[in-house]
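Written out below as C-alpha cells is the structure these notes cover.
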Amino acid sequence: MLRGILYETVSVDGSGVTLRLLPESPVYRGHFPGYPITPGVCLVQMALESIAEMAGHSVALVAAKNIKFTSPVIPAEGTELRFNVSGEGENWTVDVLNGDVLSARMSLTVE
C-alpha cells in the first residue's frame, strides 16, 4: 500500500478518488534524483488502491489489459491527482488526471 508513503487521500466520491502526492516520499529520492517523477508502477498501484476504495474491499491485479502513460506526473508541478474510476466486479477503467492533463489511462482486471 502506498497510502501514507507516496500519497494521502483527499476525497472519495461516486466517480473516483482525489489524492495528494507527498513530495518528500522516499520513492522520489531514487526516481529520479534532482528531477523526481512518479513511477508508472506507482500510478498503477494507486489506481488499484482507488479501485479498492470504490469497490469497498481490497483488490489484486489479475491483468492489465491496456495501460497508457500520456504525461509524466512531476510532484514539483502539482501534487493533487484525480483518479476517475469506472467499472464493477472484475473490470475497471481508471483515468489519472493531473489538473486538466490526462497522465494515464488504464484498463485493469482485478479479483
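The values are calculated or read from the model by the stated rules, or taken from the named source; none is laboratory data. As the structure is a computational prediction, the values presented were derived from the model and not from experiment. Neighbour counts run over all protein chains shown; Cβ positions are idealised from the backbone, glycine included. Keep in mind that these areas ignore ligands, DNA and RNA; they rest on the heavy atoms of the full protein, side chains included. Shrake-Rupley method; radii C 1.70, N 1.55, O 1.52, S 1.80 Å.
In summary, Leu102 fulfils each of the numbered conditions (1) closer than 21 Å to Arg3 by Cα; (2) touching an Asp or Glu at 6+ places or on another chain (Cβ under 9 Å); (3) not hydroxyl-bearing (Ser, Thr, Tyr) with the single exception of condition (1). All of Ser71, Ser50 fail the test of being at pLDDT 95 or above, among the hydroxyl-bearing types (Ser, Thr, Tyr) and within 15 Å of Arg3 (Cα to Cα), apart from Ser50. Filtering the stretch 59-93 to residues that are open to solvent by less than 40 Å² (accessible area, probe 1.4 Å), over 21 Å from His31 (Cβ atoms) and either among the hydroxyl-bearing types (Ser, Thr, Tyr) or touching a Lys or Arg at 6+ places or on another chain (Cβ under 8 Å) (or both) leaves nothing. If you go through the stretch 2-37 and keep only what is closer than 18 Å to Val96 by Cα, open to solvent by 70 Å² or more (accessible area, probe 1.4 Å) and not in a strand (DSSP E or B), you end up with just Gly14. Would you confirm, using the coordinates I've provided, whether Gly34 is without any contact (Cβ under 8 Å) to a residue 12 or more places away in the chain and at negative phi? Spelling it out, it is not the case that Gly34 is without any contact (Cβ under 8 Å) to a residue 12 or more places away in the chain and at negative phi.
Is at least one residue of the stretch 34-56 in contact with an Asp or Glu (Cβ under 8 Å, 6 or more places away or on another chain) and under 16 Å from Arg105 (Cβ atoms)? Scanning the stretch 34-56, I find no residue that is in contact with an Asp or Glu (Cβ under 8 Å, 6 or more places away or on another chain) and under 16 Å from Arg105 (Cβ atoms), so the answer is no.
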